Amino acid sequence: MGINTKPMNTAAPTAKSKESEALLTYNEALKLILQECSAEKPKAELVPLDQAAFRILAEPLQAPFDLPRFNNSAVDGYGVIVDDLQDCDKKPVTLKLIDTVSAGDHNLLTELKSGQCIKIMTGAVVPDAVEAVVMREFCQEEDRTVTINCHGRARIGENIRLTGEEMEKGQTVLDAGTKLTPPALGLAATVGKALLNCYRQPRIAIVSTGDELKEPGQELSASQIYNSNSYAIKACLAGMHFHNQTGESANNLVRCLHTSDDRESVDSTLQKALETSDVIITLGGVSMGDRDYVKVSLEEKGVRTVFWKVAIKPGKPVYFAVAPGGKFIFGLPGNPVSALVTFELFVKPALKILQGEKSAAPHIVSARLQAALKKKAGRLDFVRANLAENASRKHEEDQTWKPPYLVTPTRGQDSHMLTGLVKADALIHFEQELEYAPEGAEVKAQILHW
Ligand code: AMP
Ligand code: MG
């Protein structure tokens, strides 16, 4: 029987394979990374509001005033005295229009007599004398009189947003550790903060390695390929909001370096990366090849290796080390899928911790496998896959629990085949000691949020 047709066992785990005994498991490796990175308390800096999107707040933000700051109208309409609308459910009521208040106007009207109303716009200060605002849709205005036909009485306070109803002065608006998502950033602006105290983002160097690499746009010789990893990893960083800023406050948060495979070039490029960055992501040159100098070069610079090789596929040769001064080095394997998958598995959680995020946990869901999977025992296989909603969960008569997703491996699972990853939106965790997972098995799928 050929190797391709060797029958696999059932889903039951086999005895621990030899390969996995020597290597760290995925969970062990990730735990070591998170331990090392958590020991480094991120520093804070003041960031202008318009550059603070998706940064992490380093201190709580307190409301410097009540929210809303003043009673204001929730609608465009007419401010009335509630008793004037007593009969409104039986017949239309006509009131005299005595004033108009728009958003931003400072209206000092203190008295509204019975039979009078004012016109008022959304967001305008509601004068104290007004008890309710009736929506414009229920009113007809003609010659300074307003006929209201609202099919019901008005309540005191109707359509008035009250001072402090959302939050009172001095209360915490945003906690330390909050990510400045669009609504959080909007709230920071609402309370008037022009500068925000955020955790610093680490400076990152991406170091590609390899004599065979040329940049896209250049001519290739017969034995050369294009450098794709630097661009893909830079895009991963952009997805996490690590950008170089342009303009006056330009910073060099992310820099790309390249080294050929000769020892001197590897040494000097890594030296430069260590001098200019807090996190170094090397690409390739960390495996078993004669000219894979990344690890040895770093070790000779006094860098402490935390681990090299993990029982995963793709990405087994992944390397992690710590340099003096709290700098972290991730050696990702050069195969393009391995580089991206190991970024997702190890670098992304580390960067989240290093920039002060509270949680680094990946987004994992339960899914029903749509095609049988086979492999050798010994490595946790991250199978590139598509997720779809499990429609069979919707049958109300069937109350049994079902995974919320269906998951189908994509075509092109080899670690040099980016096409299989392009089509994927999740990684199936095909557990380390399994050799077989039948169609219909329930599996864990890690959602890819690039
Ligand atoms: P290495 O880990 O250096 O042995 O590289 C493994 C494979 O990935 C080889 O086929 C390399 O040519 C390829 N590779 C390494 N670096 C890159 C890169 N930056 N872009 C595209 N392919 C790469
Ligand atoms: Mg190489």
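The values are calculated or read from the model by the stated rules, or taken from the named source; none is laboratory data. Bear in mind that the values here come from a model prediction, so they are computed numbers and not experimental data. All Cβ positions, glycine included, derive from the backbone under ideal geometry; neighbour counts span all protein chains shown. Note: accessible area is taken over every heavy atom of the protein model, side chains too, but ligands, DNA and RNA are not part of it. Shrake-Rupley method; radii C 1.70, N 1.55, O 1.52, S 1.80 Å.
To check you understand DSSP bridge types, tell me what percent of the beta bridges within the chain (both residues inside) are antiparallel, rounded to 5.
About 65 percent, rounded to the nearest 5.
Can you pull a Stokes-Einstein diffusion coefficient for the range 140-243 at 25 °C (0.890 mPa s), Rh from Kirkwood over Cα pairs, as a whole number of µm²/s?
So the translational diffusion coefficient is about 118 µm²/s.
Quick one: net charge of ALA323's neighbours, Cβ under 9 Å, K/R +1, D/E -1?
So the environment of ALA323 carries a net charge of +3.
With just the Cα atoms defining each centre, how far is the range 76-102 from the range 109-130? Give it in Å.
10
Check the straight Cα-Cα distances from LYS301 and name the lysines below 18 Å, setting aside those fewer than 8 residues away within the same chain.
Reachable lysines: LYS272, LYS327.
Would you mind classifying the range 304-386 by shape? Square roots of the alpha carbon gyration tensor eigenvalues, ordered a ≥ b ≥ c; an a/c under 1.5 is rounded, otherwise it is prolate if a/b is larger than b/c and oblate if not.
Because a/c hits 1.5 or more and a/b fails to exceed b/c, the range 304-386 counts as oblate.
Return the single residue from THR147, THR25, THR178 with maximal mean-square fluctuation; model: Gaussian network over the chain, springs between Cα atoms under 10 Å.
Fluctuation is largest for THR147.
How large is the accessible surface per residue of the range 329-450, computed with a 1.4 Å probe and reported in Å² as a whole number?
That works out to 44 Å² per residue.
Pull up the cross-link candidates among the lysines for LYS169, meaning alpha carbon to alpha carbon under 30 Å and not fewer than 8 places away within one chain.
Of all the lysines, those that pass the test against LYS169 - Cα under 30 Å, at least 8 places apart if same chain - are LYS43, LYS119, LYS179, LYS193, LYS358.
Percentage of Cα-Cα pair distances in the range 72-161 greater than 21 Å, rounded to whole percent?
17
Can you find, among ALA377, LEU421, ALA441, the residue sitting farthest towards the positive end of the charge dipole of the chain, where Lys and Arg contribute +1 and Asp and Glu -1 at Cβ?
So the residue furthest toward the plus end is ALA377.
For the chain, set up a Gaussian network in which alpha carbons nearer than 10 Å are linked by springs, and say which option among GLY334, GLY285, GLY115 fluctuates the most.
Maximum among the listed residues: GLY115.
As an exercise, use a Förster radius of 30 Å and the Cβ-Cβ distance of LYS214 and ALA53 to find the FRET efficiency, rounded to the nearest 0.05.
Once the sixth-power term is evaluated, E becomes 0.30.
Let me see the pair-distance distribution of the chain: every alpha carbon pair, 20 Å bin width, integer percents in order.
Bins of 20 Å from zero give 20, 37, 25, 16, 3 percent of pairs.
When only Cα pairs under 8 Å and 6 or more residues apart are kept, what is the percent relative contact order across the chain?
17
Ignoring ligands, DNA and RNA, please state the percent of accessible area on the chain from carbon and sulfur, probe 1.4 Å.
51
With N denoting the number of residues in the range 200-324, provide Rg(C-alpha) divided by 2.2 N^0.38 Å, to two decimal places.
1.09
Let me have the relative contact order for the range 72-161, percent, based on Cα pairs under 8 Å that are six or more residues apart.
44
What's the angle, to the nearest 10 degrees (0 to 90), between helix 229-239's Cα axis and the longest principal axis of the chain?
20
Once the dipole of the chain is set up with Lys and Arg at +1 and Asp and Glu at -1 on Cβ about the Cα centre, which of LEU61, THR163, LEU32 lies farthest towards its positive end?
Value: LEU32.
Measure off 7 Å from each Cα along the Cα-to-Cβ vector at LEU108 and GLU40, then give the distance between these two points in nanometres to one decimal.
6.0
Per residue, how much accessible area does the range 71-204 show when a 1.4 Å probe rolls over the protein heavy atoms, in square angstrom?
54
Pairs LYS234/LYS352; LYS375/LYS423; LYS352/LYS374; LYS313/LYS394; LYS352/LYS375: which exceed 26 Å Cα-Cα?
Pairs exceeding the cut-off: LYS352/LYS374; LYS313/LYS394; LYS352/LYS375.
Taking amide hydrogens as modeled 1.01 Å from N in the peptide plane, which residues meet the under 5 Å criterion relative to THR178, leaving out close sequence neighbours?
The list, which skips near neighbours in sequence, is LEU57.
Under a GNM of the chain (C-alpha, springs under 10 Å), which listed residue has the highest mean-square fluctuation: ILE329, ILE56, ILE160?
Result: ILE160 has the largest fluctuation of those listed.
Using a cut-off of 9 Å between beta-carbons, work out the net charge of the residues near ASN71 (Lys and Arg +1, Asp and Glu -1, ASN71 not included).
Residues near ASN71 contribute 0 overall.
When the helix-only estimate is applied to the chain (DSSP H runs of n ≥ 4, each -39,500 (n - 2.57), divided by the residue count), what is the mean residue ellipticity at 222 nm, nearest 500 deg cm²/dmol?
Calculated from helices alone, the mean residue ellipticity at 222 nm is -5000 deg cm²/dmol.
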